[in-house]
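Below: one structure, written as structure tokens.
The values are calculated or read from the model by the stated rules, or taken from the named source; none is laboratory data. These figures come from a predicted structure and were not determined experimentally. In this analysis, Cβ positions are derived from the backbone assuming ideal geometry, glycine residues included, and neighbour counts consider all displayed protein chains. Quick note on the areas: whole protein, heavy atoms, side chains included, nothing else; ligands and nucleic acids left out. Shrake-Rupley method; radii C 1.70, N 1.55, O 1.52, S 1.80 Å.
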Amino acid sequence: MSTSPRRDGRMSWRTVLWLAGKGGRDDGTRIVLTAVGAALGTMSLLAAATVAAAGHGDGPYTSDLLNQPGLHPGIVIAFLLLCVPILGFVGQCSRIGAPARDRRLAAVRMQGGTPFDVVRIAAAETGLAAVLGAALGTGAFFVLRVLLGNPVTATYRLREQDGYTEREYTGPALRFPTDVLPPTPVLVLVVVVIPLLATFFAVYALRGVTFSPFGVVHREQHRPSRFMALLLFAGGTLALASFSTVVDALGLDDGAAAGIGLLFLVLFLVTGIGLLMSTTALAAAIGRLLVRFGERPSLLIAGRRLLASPSQSARTNAALLLVVLLWAFTQGFGANLLAGVERDEALFRTNGSFYRGALALVDLGFAVGALITAAGLLVGCVESVLTRRRMLASLAAVGVPRSVLARATVIESMAPLVPAVLAATAAGIFAARGALGTTVGNNGAEFEVGVPWGGLAAASFGTLLVVLLLILLTLPLLRRSTDPAELRAE
């Protein structure tokens, strides 16, 4: 490595950027996947900004959701929420090749670099990859604007000037608001926010890591209290399930809509935080059960892995659990909404298809989010197999069949995920039915709102099936990772 010029005892930014661009094949893979995630996040934010810029007089559009400006905030929120699994995907990508990167940063320490210098190098690597991805995402977004800019013939609804009456039209319409463009300051802010967030999370991830000059990486373990995690999740879920009782106990009436909404949001956040905090303890508990009661080698190996690193399971599953929690809540909300619409014959006749189409788009958005987070899990599984290839090769060398190691890999990933996903689904539907009620009224009569079992099955079992299929895609890596030559890997 060339001489590292320093200023005021710190490595110069020129040297930091030069070192950030160096690395092996795993480092290149990490940079490419980070850029892909940043591109997807930038496109999602640009789409949200474009929808927010559309207003009365713009369009018409093929989607009735876009033709009603009052519904635009919901679409914008959906695009913003889509960034959550994308950032989770970027976070998983940052783990690829971590041991090799740790050794490289430790070499920097041996050359006289400080702990702050190595954090800057890691942050610069992520930031540069995110800037590249943001530029590619911006370019792809404007290319899509051109491709979707030609109107197509469609049937759509527009609200009349009185603000209440809707009329159906057939004619040219746009598939996306390509006739509007957000203000320039908003575009600049949107393009830079993803690289800034990615760099922040890279620095935050290294907050408890110290690279010694001897290649040893010390990681501070911060394990949350199991009692506190269970208290937050169980207490939040119970409060949401009996939300009307909680509102009455606090003396909030129908006139305090803002207070009731804020209370629900706080309880929902508490439940989500408790769910995420519980995943580490859940993985450790399942590991102990597998080690104690497991009789097959695959169960014992999976249990030992979960006990050795329960936080890794929690880290890879966090974004997916949030998606499932929100998806289950929207299923309950949609069931309540459709039950009310179907009981009103006039409303169902005029707008029934609109509401069903809107809820179908919501389900599609959550399905895309779940697929992105599942891709993050795939990256995490690949990284886990590659970083433990020496151990896997050792097990294969003493006679453990590859089929046993494959089953252990699947069990290690799915055993803590299945109960966590089911718990997230239950919390989401309890929150919806507790806040919105289990009945709807129409002309003085009360009608029961059924549980949307089909939607909940798609949110839970469908997600688990996709994750399982993606995990199975990583199993061919075991053949290469169990090669005896891997025993010489560092």
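Computed packing ranks the peptides 268-279, 35-46, 52-63 as 35-46, 268-279, 52-63, most packed first, by mean other Cβ atoms within 10 Å. Solvent exposure of D64, expressed as accessible area, is near 40 Å², computed with a probe of 1.4 Å over the protein chains only. Rolled with a 1.4 Å probe across the full set of protein chains, the surface gives E125 an accessible area near 10 Å².
For R402, the solvent-accessible surface computed with a 1.4 Å probe is close to 100 Å², ligands and nucleic acids excluded. Evaluated at q = 0.09 Å⁻¹, a Debye calculation over the C-alpha positions of region 296-415 (equal weights, vacuum) places log10 I(q)/I(0) at -0.44.
The candidates L470, L262, arranged from most to least accessible area with a 1.4 Å probe in the full protein assembly, appear as L262, L470. Just the number: Rg to Rh for region 102-204, Cα atoms, Kirkwood Rh, two decimals. Rg/Rh: 1.30.
What a 1.4 Å probe finds exposed on region 397-437 is 70% carbon and sulfur by accessible area, rounded to a whole percent.
Seen from all sides and averaged, what is the projected area of the convex hull of the Cα atoms in region 383-456, in nm²?
Approximately 7.4 nm², given one-decimal rounding.
Tell me, what % of the accessible area of region 255-347 is carbon and sulfur with a 1.4 angstrom probe?
On the way: 2840 of 4190 Å².
Result for region 255-347: 68 percent of the exposed heavy-atom area is carbon or sulfur.
Solvent-accessible area per residue in region 249-308 equals 56 Å², computed with a 1.4 angstrom probe and all protein chains kept.
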